[in-house]
Amino acid sequence: MAKKKKSTTPTTPQEETLTAAEAGETKTAAEAASPAAAKETQAPAAAAPPEESAAEPADETAALQAELETTRAQMQEYLDGWQRERAAFANYRRRVEEQQEQARRDLVAGIAKRYLEVLDDLELALKNKPAEGEGAAWAEGVELIYRKMLAVLEAEGVQPMDTHPGDPFDPRFHEAITHEPHDEHGSEEIIEVVRRGYMIGDQVLRPALVRVAQ
């Protein structure tokens, strides 16, 4: 039997152009749909990073807060140590200054005591100084020497005690050579200052010799 030949409908150039355009549009639509489908598929996977990024700042904040607290504790420790050292140094400097001042006083006291006996002799000489004649001029010269020596000692911190008859006896500043009854003074009152006492600063350089009433 003879095979039947398929009938083919001839196409015109316009139809071929339309067919190619339709195929291109179909392909373009498919390509446009593919990225959208890919994005929809990847969207759930991209939603996870925000949760992780939110946790990271919290961890960094906690670490910074802990580091800040540690730094503050160290700073306070250093400050306390510095204050203790400063106080210790201030106490040390004060002790050194006090020791130096005491050493100076002791040195001055040792020298001044040698001159106090000379002052005692000059005071005794001036008690009965003549008021007229050649002796008066001589007494004025002796008194001038006495005042100069006293001024030198006062410049070094040596001061005579202000002790007078009638003052109460104080064993811290006075040394009694006699205790005797007396009509004009009460008990434990100074009758007479036999020898003047001296101070150096707030310390007794030499106590005053006194007569005391019983």
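Before moving on, here are some points about what is shown:
- Which listed residue, of Glu97, Glu134, Glu140, is without any contact (Cβ under 8 Å) to a residue 60 or more places away in the chain, under 30 Å from Arg195 (Cα atoms) and surrounded by 10 or more Cβ atoms within 10 Å (Cβ to Cβ): Glu140
- Per-region count, the range 155-170, residues touching a residue at least 40 places away in the same chain (Cβ under 8 Å) and within 19 Å of Leu119 (Cα to Cα): 6
- Residues in the range 57-104 that are within 30 Å of Ile200 (Cβ to Cβ) and of a type in the set (Asp, Glu): Glu97, Glu98, Glu101.
- Hey, Arg84 part of a helix (DSSP H, G or I), among the basic types (Lys, Arg), at pLDDT 90 or above and more than 22 Å from Val193 (Cα to Cα) or not: yes
- For Ile190: the one exception among (1) within 19 Å of Arg105 (Cβ to Cβ); (2) surrounded by 15 or more Cβ atoms within 10 Å (Cβ to Cβ); (3) of a type in the set (A, V, I, L, M): (1)
- Pairs meeting the criteria (first residue in the range 171-200 and closer than 30 Å to Glu156 by Cα, second residue acidic (Asp, Glu) and in a strand (DSSP E or B), beta carbons under 9 Å, at least 6 apart or on different chains) are Arg195/Glu175; Gly197/Glu175.
- Restricting the range 158-179 to residues that are of a type in the set (Asp, Glu) and either part of a loop (DSSP other than H, G, I, E, B) or at pLDDT below 95 (or both), the residue that is surrounded by the fewest Cβ atoms within 10 Å (Cβ to Cβ): Asp162
The values are calculated or read from the model by the stated rules, or taken from the named source; none is laboratory data. Everything numeric here is computed off the predicted structure, so don't read it as measured data. All Cβ positions, glycine included, derive from the backbone under ideal geometry; neighbour counts span all protein chains shown.
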